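Step one of this worksheet: look at the structure below.
The values are calculated or read from the model by the stated rules, or taken from the named source; none is laboratory data. These figures come from a predicted structure and were not determined experimentally. Every residue, glycine as well, gets a Cβ built from its backbone with ideal geometry; the counts of neighbours run over all protein chains shown. Just the protein is used for accessible areas: all its heavy atoms, side chains included, with ligands, DNA and RNA removed. Shrake-Rupley method; radii C 1.70, N 1.55, O 1.52, S 1.80 Å.
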Amino acid sequence: PIRFAKIDPALPLFSFSASGRDFLYAPGSLAPLPSGRSGRQAALERMRELARSSRDAREAAARRPFEPVCLTVFPSGSFGLACSYCFSSDRDGRRIELGAVSAAAKQVMRNCEARGLPFTLVLHGGGEPTGDWELLVSIVEATKDLAGERGLAWFGHVATNGMLSAERASWLAREMSSIGLSCDGPPALLGWATGSLPE
């Protein structure tokens, strides 16, 4: 069993034990605890400093105005596969409104302009982003048009399970800057990707 404990009330600093070994954790850092007292003390002080830096960075970020430079959209709760291992349990088919996406895109574009950055759109899960194909196309076209009107470069990424027609796959390849293909799950599903599904 894993034993886990917060060891500093004011810092994000934790200890845990697993497989007979002791570790310290601060956000972004994991360190095994040495066996000697002086080694343990040195490791603890180093991790305490990392935890302090993490806390200070988080507090500074919380004081800054919210100015996102990437728009991440979960287009709908539409599912093509309904995989039992999927993290998402919201399968009611809800759909985002194109007007809401356009309003959010305009705000993100203002932030991108101010920082000299391209506009970035990410279409992600909560369902399969390509499950409501017409909505996905509308979002891509609308944000490309808005970015073009502002003279901003446009970058688009879609995460998909890849279960779509050759025509739709070709459209994504032409229109999106990058595509993330989810190939996780049980071994039998992974066999599909390599053409070695069991008979």
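Sorted on the mean count of surrounding Cβ atoms within 10 Å across their residues, most packed first, peptides 103-111, 159-167, 30-38 read 103-111, 159-167, 30-38. The C-alpha radius of gyration of the range 139-184, expressed as a fraction of 2.2 N^0.38 Å, stands at 1.29. Computed from the C-beta positions of Glu45 and Ala103, the FRET efficiency with R₀ = 45 Å rounds to 0.40. Taking the 1.4 Å solvent-accessible surface of the range 1-82 as the whole, the part contributed by carbon and sulfur is 57%.
Ordering Cys70, Cys112 from largest to smallest accessible area (1.4 angstrom probe), what's the sequence?
Cys70, Cys112
Treating r as the C-beta distance of Arg63 and Ala18 and R0 as 45 Å, the FRET efficiency rounds to 0.80.
Here the Karplus curve 6.51 cos²θ - 1.76 cosθ + 1.60, taken at θ = phi - 60°, turns the phi angles of the range 7-15 into couplings of 10, 9, x, 9, 10, x, 10, 9, 10 Hz, with x standing for Gly and Pro.
Suppose the chain between Arg3 and Met163 were pulled fully straight at 0.36 nm per residue; how much longer would it get relative to their current alpha carbon spacing?
Working: separation 160, 0.36 × 160 = 57.60 nm, distance 4.11 nm.
Working it through step by step, the gained length comes to 53.5 nm.
Close amide-amide hydrogen proximity is noted between Val73 and Val122, Leu123, His124, each under 5 Å apart and 5 or more residues distant or on a separate chain (H modeled in the peptide plane; Pro and chain starts excluded).
Taking square-rooted eigenvalues a ≥ b ≥ c of the alpha carbon gyration tensor, is the range 1-49 rounded, prolate or oblate, where a/c under 1.5 means rounded and, failing that, a/b exceeding b/c means prolate? Note, shape of the range 1-49 comes out oblate. Taking amide hydrogens as placed 1.01 Å from N in the peptide plane, the amide H of Gly180 sits under 5 Å from those of Val158, Ala159, Thr160, each at least 5 positions away in sequence or on another chain.
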